[in-house]
1. Mind listing whichever residues of segment 126-142 are open to solvent by 70 Å² or more (accessible area, probe 1.4 Å) and either at pLDDT below 90 or closer than 12 Å to residue 158 by Cβ (or both)?
2. Looking for whichever is surrounded by fewer than 17 Cβ atoms within 10 Å (Cβ to Cβ), of a type in the set (Asp, Glu) and free of Cβ contacts under 8 Å to residues at least 40 places away in the same chain here; the options are 150, 164. Which one fits?
3. For residue 118, which of the numbered conditions (1) open to solvent by 50 Å² or more (accessible area, probe 1.4 Å); (2) among the hydrophobic types (A, V, I, L, M, F, W, C); (3) under 24 Å from the mean Cα position of the chain (by Cα) fails to hold?
4. Can you tell me which residue among 121, 114 is under 17 Å from residue 169 (Cα atoms) and in a loop (DSSP other than H, G, I, E, B)?
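The values are calculated or read from the model by the stated rules, or taken from the named source; none is laboratory data. Just so it is clear, the structure is predicted and the values come from calculations on it, not from any experiment. Neighbour counts run over all protein chains shown; Cβ positions are idealised from the backbone, glycine included. Note: accessible area is taken over every heavy atom of the protein model, side chains too, but ligands, DNA and RNA are not part of it. Shrake-Rupley method; radii C 1.70, N 1.55, O 1.52, S 1.80 Å.
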Amino acid sequence: MSNSSTSSLRRFFSLFAVVSVLGTGLLLTAVVQGAADGPRWLLLLALPATALALTAFGKVAESAISGLASPGLRAAGPRAFAPAVVNGVKAVNRADGRSVADGRAGNSVFVFDLTVVADDLPPYRIEVRHPLDLQGLLHKSRAVVEYDPEQPWRVVVPNNPPREWLARAQVLTAPTGEVRTPAGTFPTGSRTLVAGVALAAVLLVLIRVLG
């Protein structure tokens, strides 16, 4: 993934996080205010609006996590190898993310959709992007990845992984249970909810004080 595309994604998700927190905070404020002091119509409108908003924010956040490409490894971070299931490989345009026919074109990258099966983590799904068809994954169902044990969403596909890990990948059985987000992360949308509750509490105090 190009630096400009990565920066654009980060800006989008940062803006989405801000909007989610503000929306959640305002709606929760309306619910509490409507329940405590009225008017009653405020509560009747805010309750379904809050439920819909939280559902929508959660869905978008979940899609963002599952479809977000790995940011790559930290320069000084720890590293470990793991086998992975190749769910699919496609070529996309660097700028707009649309599928292209020729993955070798100068303006395209390969997108590797992988399920990482590490020894110390539950299986999790991630996308890795690279201009080259690393490990010949266009025609393979298994891969070897290198990841950060402290931040498992940081994943790369090494071009020449150790032979012992290639052997492990060849006999890897696809996980049959739930494929989760990397261990150690918060559940989808939980940070938004906590921040929204905190914002609502501040707003309610200000309403009481300025009242």
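1. At the first step, the residues of segment 126-142 found to be open to solvent by 70 Å² or more (accessible area, probe 1.4 Å) are 132, 138-140.
Listed by number, the list holds a single entry, 132.
2. Values: 150 fails: free of Cβ contacts under 8 Å to residues at least 40 places away in the same chain.
Of the residues listed, the single one that is surrounded by fewer than 17 Cβ atoms within 10 Å (Cβ to Cβ), of a type in the set (Asp, Glu) and free of Cβ contacts under 8 Å to residues at least 40 places away in the same chain is 164.
3. If we test residue 118 against (1) open to solvent by 50 Å² or more (accessible area, probe 1.4 Å); (2) among the hydrophobic types (A, V, I, L, M, F, W, C); (3) under 24 Å from the mean Cα position of the chain (by Cα), just (1) comes out false.
4. Details: 114 fails: in a loop (DSSP other than H, G, I, E, B).
Among 121, 114, only 121 is under 17 Å from residue 169 (Cα atoms) and in a loop (DSSP other than H, G, I, E, B).
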